[in-house]
Structure formats: C-alpha cells, structure tokens
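**Q** Submitted below is the structure of interest, expressed as structure tokens.
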Amino acid sequence: FFNVHKDIHVDPREVQNEPFLSENNVHISMHQDLIQLYSEWNSVDQALESFSQSLDIYLETLGLNSIGVASSYQNIATLYSVFNEDEKAIEYFELSIKIRAACHEEVSMDTARCYHNIGQIHTKQGKVMVSLENLKKALRIYKKFGNSPDLGLCYLNVGTLCEDAGIY
C-alpha cells in the first residue's frame, strides 16, 4: 500500500518544524478522527487510506524532513502493529525514528514510544534480546522526562520479558 524507501536520506539542514496552516490542521484532524473510527471497525484498508491522505498533506506542506511526517509514519506503524503486520510496523517505526533524529528529536516521548513498540513486537515474536535492546533504548529516553505512565509501563514490560525469559 505504501512505498517505503529503505535508503531514505534525511538531511537535518532541510528540517522544517513550522506548524501547518490552519486549513491543513483541519484536514489532519479530520483524518485522525476517521482513522480512529476505522480502527474501531477493524477496517485497516480505510484507516490506511486516511493515513495516506494525512501523510500526503504533511509531505506537500512540510516536506519529508518534518516531525509531522515522522508522526504520520509512527501512526501507520501503530496501525500495522494493531493488525499484526509486524514487519511493516517495525519498518515504519524505524523510519519515524530516523526522521526524528534528523529533526534533532532523538530524545522525545514519541521516539521512546517507537522503540517501546518495536520492543513489544519483538517480544511477541520471541526475540528476547532484540526486544530487550529496544525496551532499554525506550527506558533511557523515558527517564529523561521523569516519572510517567509510559516509563512505568516500559519497566513493567522489561520485568515481564526478563521473568518470562529467565533473565535475572
């Protein structure tokens, strides 16, 4: 459905962090509402179509090197994850992380959530060490923001993973 470029080059000098014009914010908001509705109806194709339209608006108005595009890729990854399309989910989470790094947002809650989600997918796949590596990356970032439900959940997931794998 989407054409992801694995060799994508993100130039930090071209990063745009300007907010959308209000007209575009309305379109994005409408697409986010549709995405939620489609997800609840288990209609992955319709949700992906709305995500694609949202992503197109971000790409057209801000270009590739923007937090909006990174967020869109993260949303697409989350949808793929919900519908158990794990490899696609990982691919989009990693793309979101790469763009965020180029935007100098390596340390953000959304970056941590991407690592956390990648870790959870690997846990589900039984890839304990890869999962643990990603969960630890998420923990390092979450800690920078102090106590939060995300930090607590990540610690819970690390503990559960270690207990289940017999890592003490």
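**Q** If you check T123, T111, which single one turns out to be crowded, with 18+ Cβ neighbours inside 10 Å and farther than 17 Å from S148 by Cβ? Give the derivation first.
**A** On the way: T111 fails: farther than 17 Å from S148 by Cβ.
That would be T123, the only listed residue that is crowded, with 18+ Cβ neighbours inside 10 Å and farther than 17 Å from S148 by Cβ.
**Q** Here's another thing I want to ask about it. Check off (1) over 19 Å from L55 (Cβ atoms); (2) within 10 Å of the chain's Cα centre (by Cα) for M109 and give me the number that stays unchecked.
**A** So the condition that M109 fails would be (2).
**Q** What are the pairs, 6+ residues apart or on separate chains, where a residue within segment 33-60 that is under 20 Å from E85 (Cβ atoms) has its Cβ under 7 Å from a residue that is modelled with pLDDT under 70 and open to solvent by less than 30 Å² (accessible area, probe 1.4 Å)?
**A** Sorted first by the residue in segment 33-60, then by its partner, the pairs are A47/I35; S50/H31; S50/I35; F51/I35; Q53/H31; S54/I28; S54/H31.
**Q** Take the residues in segment 127-144 that are under 19 Å from S108 (Cβ atoms) and among the hydrophobic types (A, V, I, L, M, F, W, C); name whichever of them is surrounded by the fewest Cβ atoms within 10 Å (Cβ to Cβ).
**A** Restricting to residues being under 19 Å from S108 (Cβ atoms) and among the hydrophobic types (A, V, I, L, M, F, W, C), the top hit is L139.
**Q** Against the definition (closer than 17 Å to Y115 by Cα, in a helix (DSSP H, G or I), open to solvent by less than 80 Å² (accessible area, probe 1.4 Å) and at pLDDT 85 or above), how does Y92 come out, yes or no?
**A** Details: closer than 17 Å to Y115 by Cα: yes; in a helix (DSSP H, G or I): yes; open to solvent by less than 80 Å² (accessible area, probe 1.4 Å): yes; at pLDDT 85 or above: yes.
Yes: the conditions hold for Y92.
**Q** In addition: Suppose we filter I57, I97, I76 for residues that are of a type in the set (V, I, T) and at pLDDT 95 or above; which single one remains? So that I can check it myself, show each step before the final result.
**A** Values: I57 fails: at pLDDT 95 or above; I76 fails: at pLDDT 95 or above.
After ruling out the rest, the residue left standing is I97.
**Q** Sticking with this one: Under 9 Å by Cβ, and 6 or more places apart or on different chains, what pairs join a residue from segment 155-168 that is assigned to a loop (DSSP other than H, G, I, E, B) with one that is not β-branched (V, I, T)?
**A** Taking only residues 6 or more apart or on different chains, the pairs are I167/L132; I167/L161; Y168/C162.
**Q** Another question, if that's okay. Any residue at all in segment 145-155 that is open to solvent by 60 Å² or more (accessible area, probe 1.4 Å), farther than 19 Å from I67 by Cα and aliphatic (A, V, I, L, M)?
**A** Yes, segment 145-155 contains at least one residue that is open to solvent by 60 Å² or more (accessible area, probe 1.4 Å), farther than 19 Å from I67 by Cα and aliphatic (A, V, I, L, M).
**Q** Mind telling me which of the residues E106, E49 ends up being in contact with a helix residue (DSSP H, G or I) (Cβ under 9 Å, 6 or more places away or on another chain) and either outside any helix (DSSP H, G or I) or open to solvent by less than 10 Å² (accessible area, probe 1.4 Å) (or both)? So that I can check it myself, show each step before the final result.
**A** Details: E49 fails: either outside any helix (DSSP H, G or I) or open to solvent by less than 10 Å² (accessible area, probe 1.4 Å) (or both).
Exactly one residue qualifies, and that residue is E106.
**Q** Just for segment 78-89: of the residues that are within 12 Å of the chain's Cα centre (by Cα) and open to solvent by less than 40 Å² (accessible area, probe 1.4 Å), which one is nearest to T160 (Cα to Cα)?
**A** Per the stated criteria, the residue is S81.
**Q** Anything in segment 52-73 that is part of a helix (DSSP H, G or I) and open to solvent by less than 20 Å² (accessible area, probe 1.4 Å)? List them, or say none. Steps first, please.
**A** Step one: filter segment 52-73 for residues part of a helix (DSSP H, G or I), giving 52-62, 67-73.
Answer for segment 52-73, where residues must be part of a helix (DSSP H, G or I) and open to solvent by less than 20 Å² (accessible area, probe 1.4 Å): S54, L55, L62, G68, V69, A70, S72.
**Q** Check G126 against each of (1) at pLDDT 95 or above; (2) at negative phi and name the one condition it does not meet.
**A** (2)
The values are calculated or read from the model by the stated rules, or taken from the named source; none is laboratory data. The shown structure was predicted, so the numbers you read here are calculated from the model rather than taken from an experiment. Using ideal geometry, Cβ is built from the backbone for each residue, glycine included, and neighbour counts are taken over all protein chains shown. Note: accessible area is taken over every heavy atom of the protein model, side chains too, but ligands, DNA and RNA are not part of it. Shrake-Rupley method; radii C 1.70, N 1.55, O 1.52, S 1.80 Å.
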